[in-house]
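The block underneath contains the structure these notes are about, expressed in structure tokens.
The values are calculated or read from the model by the stated rules, or taken from the named source; none is laboratory data. Just so it is clear, the structure is predicted and the values come from calculations on it, not from any experiment. Every residue, glycine as well, gets a Cβ built from its backbone with ideal geometry; the counts of neighbours run over all protein chains shown.
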Amino acid sequence: MFILTTPILGPNDIALLQLAEALTFNDKVQPAKLPTKGQEFDGTAVVVGYGSSEKLNVSPNVTLVSTDECNTAIEKLIPGNRPVDNDSNVCTLNEQSNNCDGDVGGPLSQDGTVIGTITYYINPCGSIGAPNIFTKVSNFANWINQTITENSQIL
């Protein structure tokens, strides 16, 4: 039995955190690049999760797929479900595994640009053929930049 970890998806599954103090940038700590509003991506990307992967054969390299391909893959596992929205989601497939517990919120990036954040996954973890679903950051680029600008002096 396969289960969507978030049965009802909202189109605005994103948040910003303000740190209590500024980061010190160095060769290992760098700012992430943001996409422009509406920017689209294809090819491969890298996903970083912080959850359960010790039992899984996980590769951080994933292939970006269309909304239709993503919904078709979900529907094969959970008939009647086509929850992915092209305006607010990015979807990937990895032939080895899928996202897992504790991964939600982790970044999906391509060439240093954050293109998505893990929003939900198919349970059980490690389900072959299960897509990974992300919030599409380019859909929120203007809001992110505006929020950072409006709150940059608050500390």
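Can you say whether N145 is more than 8 Å from the chain's Cα centre (by Cα), touching a residue at least 60 places away in the same chain (Cβ under 8 Å) and under 13 Å from V90 (Cβ atoms), as far as the supplied structure shows?
It is false that N145 is more than 8 Å from the chain's Cα centre (by Cα), touching a residue at least 60 places away in the same chain (Cβ under 8 Å) and under 13 Å from V90 (Cβ atoms).
How many residues does segment 22-51 contain that are in a loop (DSSP other than H, G, I, E, B), closer than 20 Å to V65 by Cα and modelled with pLDDT under 90?
2
As an exercise: evaluate L9 against (1) within 17 Å of the chain's Cα centre (by Cα); (2) assigned to a loop (DSSP other than H, G, I, E, B); (3) at pLDDT 90 or above and give the number of the one condition it does not meet.
Every condition holds for L9 apart from (3).
Of (1) surrounded by 14 or more Cβ atoms within 10 Å (Cβ to Cβ); (2) modelled with pLDDT under 90; (3) assigned to a loop (DSSP other than H, G, I, E, B), L19 satisfies all except one. Which?
Status for L19: all satisfied but (1).
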